[in-house]
Each structure stands twice: as C-alpha cells, then as structure tokens.
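Written below as structure tokens is the structure these notes are about.
Quick note: the coordinates plus some simple rules give every number you see, no bench work behind them. What you see is a predicted model; the values in this text were computed from it and never measured. Note that each Cβ is placed from the backbone with ideal geometry, even for glycine, and that neighbours are counted across all protein chains shown.
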Amino acid sequence: MRTVLVALAAAMLAVSTAADEKPVQLKRAPGLDKVETNCAACHSLDYIEMNSPFPTALWDAEVTKMIKAYGAPIDDVDAKSIADYLKKNYGN
C-alpha cells in the first residue's frame with residue numbers, strides 16, 4: 001500500500017510540474033512560420049532559445065546539418081528562410 005501511495009504522489013508531482021511548463025515563444029519575425037513548420041516537426045523549438053545567442057555564421061551550418069545529416073525534408077527556399085530567421089533573431 002505504501003508503494004502505491006509513493007507512486008501516486010510522484011505521479012501527481014510530475015503532472016503538476018508539467019502543467020507549469022509553457023510552450024516556447026519565438027520572436028515574431030519573417031520566417032517564423034517556416035521554423036515552426038519545419039523544425040518543430042522533428043524537435044522542440046526550445047533548442048533555438050537554449051543555444052542562443054548562437055554565432056550567426058553557424059546557423060547556416062546548423063540548418064544544413066539538419067537537412068544533410070538528419071534528413072530533414074526542407075527545400076532550399078525554406079532552408080534559406082529558416083537560416084535567415086535564426087541569424088537575424090538568434091545570432092550574434
């Protein structure tokens with residue numbers, strides 16, 4: 001019985017903590033729609049803010065890596081829009 005109570009308390013704490021979590025709010029700017037559509041298909045957008053400010057020159061390499069190494073199905077026009085958005089809003 002004690003094990004059940006401990007498990008129940010742990011589950012309630014986990015739910016309470018998750019409920020306080022807020023979705024990431026990226027900067028509103030041209031290209032955000034491409035970031036939300038393409039990048040969020042594979043991973044959390046939290047990574048953008050966690051890695052910022054990221055050296056501007058490396059955002060191009062990061063977008064290329066997602067396409068070439070991880071197989072993200074992003075066309076060239078969207079890739080440029082994504083990289084431009086990231087460089088302007090999360091680069092240094």
Projecting the Cα atoms of ILE82, THR56, HIS43 onto the charge dipole of segment 25-90, where Lys and Arg contribute +1 and Asp and Glu -1 at Cβ, the residue farthest towards the positive end is THR56
Segment 25-90 shape via C-alpha gyration tensor axes, a/c threshold 1.5
rounded
Cβ-Cβ FRET estimate between GLN25 and ALA61, R0 fixed at 30 Å, reported to 0.05
0.75
Quick one: what are the phi-derived ³J(HN,Hα) couplings along segment 48-58, Karplus 6.51/-1.76/1.60 with θ = phi - 60°, whole Hz, x for glycine and proline?
5, 5, 5, 8, 9, x, 9, x, 3, 5, 7
Report the extension gain between VAL77 and GLU36 in nm, rounded to one decimal, defined as 0.36 nm multiplied by the number of residues separating them, less their alpha carbon distance.
13.3 nm
Using the crude model of +1 on Lys and Arg Cβ and -1 on Asp and Glu Cβ, and no other charge, please compute the dipole size for segment 25-90 relative to its Cα centre, in debye to 20.
140 debye
